[in-house]
Amino acid sequence: MNYKQILKELESVNDRNNCTVISSSVAFELPYNEVSDFFFLHGRKRNHGLKPDKTDNMIKLMALEKGYKAIVYKPQRDRVPVKYGNVVYNELSKTRHWISKDGNDLLCSTFGNMTANNCTDYLPRGNYILGVRGHVLGVQNGKVQDWTEGRKHYINRVWKIEKTGEIVKPLTFAEEMKNRKLFL
């Protein structure tokens with residue numbers, strides 16, 4: 001689904017602060033109602049947004065249950081020695097390396113800040129959920145699908161969404177308790 005289709009669907013729904021639901025619908029290419037039901041089922045309250053740590057968990061859980069892989073990337077900067085007179089200081093370089101949370105994967109390197117305006121210049125083609133301060137936005141096949149398109153909101157977190165096809169069925173409470181008894 002793209003952003004305009006979701007906005008038409010939202011005209012009948014009375015729900016605000018749902019940017020995580022909208023961006024997930026865009027990145028996972030799923031209908032808004034299905035994504036919204038998933039978020040409500042896992043603890044999101046109507047008219048309330050999600051905190052960044054809760055957003056991380058929801059996106060990872062949704063990826064597992066819907067047959068996707070979600071990788072979280074955060075920016076890191078190197079320290080570069082700079083000489084002022086006779087003294088050498090270590091300053092942060094302007095180049096940011098977007099490295100996965102576990103440190104095994106480099107997504108891209110940017111000179112300066114990645115924003116909603118220039119993110120598609122740096123990111124490889126694909127689906128992403130981008131985090132800015134107090135908001136998240138969806139990118140679908142190299143196009144920003146959000147009201148922040150063309151604006152200079154600084155990106156501070158990137159979730160890369162890839163389809164794997166491996167769907168993990170969540171256990172019911174009874175199944176989980178049965179499995180615990182088997183291992184005890």
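The values are calculated or read from the model by the stated rules, or taken from the named source; none is laboratory data. All of these numbers come straight from a predicted model, not from anything done at the bench. So basically every Cβ, Gly included, is an ideal-geometry build from the backbone, and we count neighbours across all protein chains shown. Side chains included, ligands, DNA and RNA excluded: accessible areas come from the protein's heavy atoms. Shrake-Rupley method; radii C 1.70, N 1.55, O 1.52, S 1.80 Å.
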Report every pair of residues separated by at least 6 positions or lying on different chains whose Cβ atoms are under 7 Å apart, first residue within segment 53-80 and within 30 Å of T95 (Cβ to Cβ), second acidic (D, E) and not in a strand (DSSP E or B). I71/D105; V72/D56
Condition met for K178 (surrounded by 11 or more Cβ atoms within 10 Å (Cβ to Cβ), free of Cβ contacts under 8 Å to residues at least 40 places away in the same chain and assigned to a helix (DSSP H, G or I)): yes
Checking the structure you have, find out if any residue of segment 18-41 is modelled with pLDDT under 85 and farther than 23 Å from G142 by Cβ. no
Show me the strands (runs of 3 or more DSSP E) found entirely inside segment 45-134 where at least 3 residues are under 16 Å from the mean Cα position of the chain (by Cα), surrounded by 14 or more Cβ atoms within 10 Å (Cβ to Cβ) and of a type in the set (D, E, K, R). none
Cβ-Cβ distance below 8 Å, separation of 6 or more or different chains: which pairs start in segment 19-42 with a residue that is without any contact (Cβ under 8 Å) to a residue 60 or more places away in the chain and assigned to a helix (DSSP H, G or I) and end on one that is buried (at least 20 other Cβ atoms within 10 Å of the Cβ) and basic (K, R)? V21/R44
Which residues, counting only those in segment 135-168, are part of a strand (DSSP E or B), over 23 Å from E65 (Cα atoms) and open to solvent by 80 Å² or more (accessible area, probe 1.4 Å)? K143, Y154
Determine which single condition N17 fails, assuming it passes every other condition in (1) open to solvent by 20 Å² or more (accessible area, probe 1.4 Å); (2) of a type in the set (S, T, N, Q); (3) under 25 Å from I167 (Cβ atoms). (3)
